Structures are given as structure tokens and as C-alpha cells.
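The values are calculated or read from the model by the stated rules, or taken from the named source; none is laboratory data. Just so it is clear, the model here is predicted, and its values are computed rather than measured. Neighbour counts are summed over all protein chains in view; Cβ atoms, including those assigned to glycine, are modelled from backbone coordinates with ideal geometry. Ligands, DNA and RNA are excluded from the accessible area calculation, which covers all protein heavy atoms including side chains. Shrake-Rupley method; radii C 1.70, N 1.55, O 1.52, S 1.80 Å.
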Amino acid sequence: MAAAPTLSYSGFRAYAECPLRWKFLYVDRLREKPRSFFSFGRSVHAALERFVAPLVVEGGLPGKGPGGQRTLRDFSGPQTDPSVAQTPMDLSGLLGIYREEWVSEGYTSAQEEESYFDLGVDLLTRFHSVYVKEAPRPVAVEKDLRAELEGVPIHGIVDRLDRTEGGGLEVLDYKTSKELSLKDAQLSDQLTLYQVLVEQNYGRPVESLTLYHLRSLSALRTPRRPPEAIQDLGIRLGEVSDGIRSGHYEPRVGSWCRWCDFRSLCPEFKEVPAGSRERIVTLVDRYAELLSERRQARQEMEAIEEEMEGLALGLGVHRFRGSRLSLHRQARRSWHFPPEATLPLLRAHELEVRAGGGDPDRTAALLRDPEVPARLRRLLAGQGKLELRYTWEPEGSDPH
Ligand code: SF4
């Protein structure tokens, strides 16, 4: 297998949604069409980066302590940091930067572009007044960080990292989308990934994770993720990494297909070329006929089995001869175990995994295993129910 790829949040999400789209983007390096909301987001992000960068407080950068990490001492309280008092540029400066950073591609008309531009002016104006009033203490902006989670190399660019009142760290990710809720922040894999990146690079726990909704100037703040959430993300990152390393790029259809620029290349949406259509129609039609015949055959066989069952019971005979073969009525035993009764027993004897989490066949195999204590085998058998059913098995010449 190939080496583990370094995953960003967007790469992870792209593969998790559709491996084929990931291949188009990251292996074939196909470009997506420019879109108004991406261009708008990039313009606002770039303006905010340049606005906040001069205000970054000293002593917040990673990579200076032993092992490349900062220690608690590197994060002295805000009152001891003279750079906190730095003055932000005025509003006209911020709007000037915004104009310089404006990305003009992807808009469907000059009117659409103008209305987005005005929206940006409005939200940056309001952002500026709140920022000046609140005077946060950023320790990093647009910070490109690298780390590893469950053996998977990860990287991400954190929009802003602030020092909190208590001297801790707050991760902020700006969003220019229309709607955003606290739930989005609570469920955001992106923020979880950023927590890992920041903690591994800065050597101290993140205090809070925030999606900053620029249109409403709402800081949708959540506490740091617990270890289980990190572990869960690590497992999913591992699955994506394994898929990429194995070169598995199957298409996965979902709501995201609506926005996919590669539909014309995707086997799920591509049309059959004219030269192959006739043969394909023949094959599909014949397949449909066979499916229907199989359904009819199954229904007829069930009716025959039912009648033979009645005859077998009435006549007391288990073998019926035809002109081509004989059918033998054979008993099949199968165990059924109620999970609520058997799982605690299996767990107590550390046999849950061997029993496939209560799989009836694997649990039944334990009943015949001399290495399983006899008392436990009796207990399991006592909880289970042995059912008997009959099937008709062909004998003699090949029925096919
Ligand atoms: S159209 Fe859908 S299934 Fe096909 S590549 Fe795009 S996202 Fe994947």
C-alpha cells in the first residue's frame, strides 16, 4: 500500500462523501468551477487575515520550546503581555484591504457580484466595531499546522487562535455562510481536527472551539472536545486514509452530487454511448425477464414445499421420488439466543468477541467447545432455544 496521505479537513470530507470526487480533485487535479460563495468567502477571509495579523500578540507562536512545542510558560497571562494594547487599523484601512483582496470570479452577473461586495462591506464594518470594542488577543492567524492523529498525518489552516481571559486558547473558524447554528459548531469535525492540530503544536489544551458566523457576528462557542470525540474522528480519518492508500475510488451518490462539477465524468451519471445502447437494452431486457421468472419460480417452489410438507406429515414419508430426482425431507436444527440473557454471560467470561457479539451460529459453536466450562455451556443452552425446521433437499441426478 502507498504511504498514508496527509489529510486536511476538506480532503477528509471530500473522500468520506465520495471517493471518486476526491480522486478527481486530489489525484487527477481537476479544477472545480469558481463559485460566488467561495470567492466571497476567500475575499472576506483574506481581508480579515491582513486586518488581524498585525495584532497577533507575541509569545504565541509554536515551535520554540523543547520538541517544537510551547510550554505553559510561553503563554504568560494577558496582563503581562505588552502587545495586547496594539491598536487595530481603522475601518477605512480594513475596507481598503477588502477591495484589494476581492476575488471577482464565479459570479453570475455584475449585479450579483456587487450585492456580495456590499454584503462584505456591511459585515466587515460591523465586525470592525465589535473587534475594536472587545479587543481580543489573537496569538495566530491563518496558521498552517501539521500533526498526526491515530497514525494519520493531518494538516489545517486555522483562521484565528485567541488567548482567552483565563490564558487558555480558543480556536476560531470564520464562516460567511447564510445560516449557522450552535449545533453546527458542536458537530463540526473541522473544529475537532483543529483542536488536535493546535494542542499538538502548542503543547497545551484548547479551551474552546468557535465557529464565528460573520453575517450575524455570532461566536458559536463550544467547549473543547472530549477524548471520545477525538478518538471517533481518528477512526474515521483512518478509514479514509486506508481507502486512499488502497486506491479505492468508488463513486458514492448523495446530496453532494448536486454540486459536483464532475458529473459528466462520473459513471453514476454518464450516458451510455450510442454505439453500445442496442446491445445493452437487449441484455437488460433479458435480465428483467429472468428476474421475473426467478420470482415466479420461487413462489411456485414455496407452494410445492407447503403441499409436500402436508403430505409428508400425513403419510409419514420423508422421501418423495419423481422421474428425474428424489427429494428428501431433512431436519435442520438452529439455535436462537436472546441477546439480553446471553450477552451478559458471554461478557462475564470474555467470550463476547468469540461469539461474534451474540451471533447464533458462533454462540452455538461454544456449546460444543470442550474448552468452554461445562457450567457455562449449560447456562447458555438453558437461555437458548433449539428450533427444528425441515427443508427438501434434492437427491439423485442433477436437478439443473
Ligand atoms: S456526481 Fe456524485 S457520485 Fe459522481 S463523482 Fe460527483 S459526487 Fe461522486
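Brief remarks on what is shown
- Matching option when the condition is surrounded by 15 or more Cβ atoms within 10 Å (Cβ to Cβ) and out of contact with any Phe, Trp or Tyr (no Cβ under 6 Å at 6 or more places or on another chain), among LEU346, LEU313: LEU346
- GLU112 being surrounded by fewer than 17 Cβ atoms within 10 Å (Cβ to Cβ), over 30 Å from ASP232 (Cα atoms) and within 35 Å of the chain's Cα centre (by Cα): yes
- Applying a threshold of 6 Å to beta carbon distances and a minimum spacing of six or more residues, or different chains, the list of pairs starting in segment 220-235 at a residue that is within 22 Å of TYR174 (Cα to Cα) and ending at one that is open to solvent by 30 Å² or more (accessible area, probe 1.4 Å) and polar (S, T, N, Q) reads THR222/GLN186.
- From GLU49, GLU58, GLU100, residue being modelled with pLDDT of 95 or more, away from the ligand (no atom under 16 Å from the Cβ) and loosely packed, with under 13 Cβ neighbours inside 10 Å: GLU100
- For segment 163-180, filtered to residues that are open to solvent by 10 Å² or more (accessible area, probe 1.4 Å) and among the acidic types (Asp, Glu), the residue that is nearest to VAL139 (Cα to Cα) is GLU170.
- Filtered residues of segment 181-197 (kept if out of contact with any Gly (no Cβ under 9 Å at 6 or more places or on another chain) and under 15 Å from ALA140 (Cα atoms)): GLN195
- Qualifying residues in segment 1-36 (those that are assigned to a helix (DSSP H, G or I) and either at pLDDT below 95 or hydroxyl-bearing (Ser, Thr, Tyr) (or both)) - the one farthest from the ligand (Cβ to nearest atom): SER36
- THR222 assigned to a strand (DSSP E or B), β-branched (Val, Ile, Thr) and away from the ligand (no atom under 16 Å from the Cβ): yes
- Count of segment 321-339 residues which are without any contact (Cβ under 8 Å) to a residue 24 or more places away in the chain and either open to solvent by 80 Å² or more (accessible area, probe 1.4 Å) or in contact with a helix residue (DSSP H, G or I) (Cβ under 9 Å, 6 or more places away or on another chain) (or both): 2
- Failed item in (1) touching a helix residue (DSSP H, G or I) at 6+ places or on another chain (Cβ under 9 Å); (2) modelled with pLDDT of 95 or more, with TYR202 passing the rest: (2)
- Any hit, segment 340-353, residues being touching a residue at least 24 places away in the same chain (Cβ under 8 Å), under 30 Å from ILE304 (Cα atoms) and of a type in the set (Gly, Ala, Ser): no
- Count of segment 354-395 residues which are in contact (Cβ under 8 Å) with a residue 24 or more places away in the chain and outside any loop (DSSP other than H, G, I, E, B): 20
- Per the listing SER216, SER208, SER177, the residue uniquely of a type in the set (Ser, Thr, Tyr), assigned by TED's automatic domain parsing to the domain that holds LEU124 and in contact with a strand residue (DSSP E or B) (Cβ under 7 Å, 6 or more places away or on another chain) is SER208.
- Per-region count, segment 259-269, residues within 6 Å of the ligand (Cβ to nearest atom) and open to solvent by 90 Å² or more (accessible area, probe 1.4 Å): 2
- Residues that are in contact (Cβ under 8 Å) with a residue 40 or more places away in the chain, open to solvent by less than 40 Å² (accessible area, probe 1.4 Å) and under 16 Å from the mean Cα position of the chain (by Cα) are absent from segment 202-218.
- As a summary of the residue check, GLU289 satisfies the conditions (1) free of Cβ contacts under 8 Å to residues at least 60 places away in the same chain; (2) within 16 Å of the ligand (Cβ to nearest atom) except for the one numbered (2).
- Verdict on SER276 being of a type in the set (S, T, N, Q), farther than 30 Å from ALA3 by Cα and in the same structural domain as LYS23 (by TED's automatic domain parsing): no
- Condition met for ARG160 (in the same structural domain as GLU228 (by TED's automatic domain parsing) and part of a strand (DSSP E or B)): yes
- Every pair of residues 6+ apart whose Cβ atoms lie under 7 Å, when the first sits in segment 243-257 and is open to solvent by 60 Å² or more (accessible area, probe 1.4 Å) while the second is in a loop (DSSP other than H, G, I, E, B) and more than 9 Å from the ligand (Cβ to nearest atom): ARG245/MET1; ARG245/ALA2; ARG245/ALA4
- Index of the failed condition, VAL272 passing every other in (1) surrounded by fewer than 10 Cβ atoms within 10 Å (Cβ to Cβ); (2) in contact with a helix residue (DSSP H, G or I) (Cβ under 6 Å, 6 or more places away or on another chain): (1)
- Test: LEU388 is surrounded by 14 or more Cβ atoms within 10 Å (Cβ to Cβ), in the same structural domain as SER334 (by TED's automatic domain parsing) and not polar (S, T, N, Q): no
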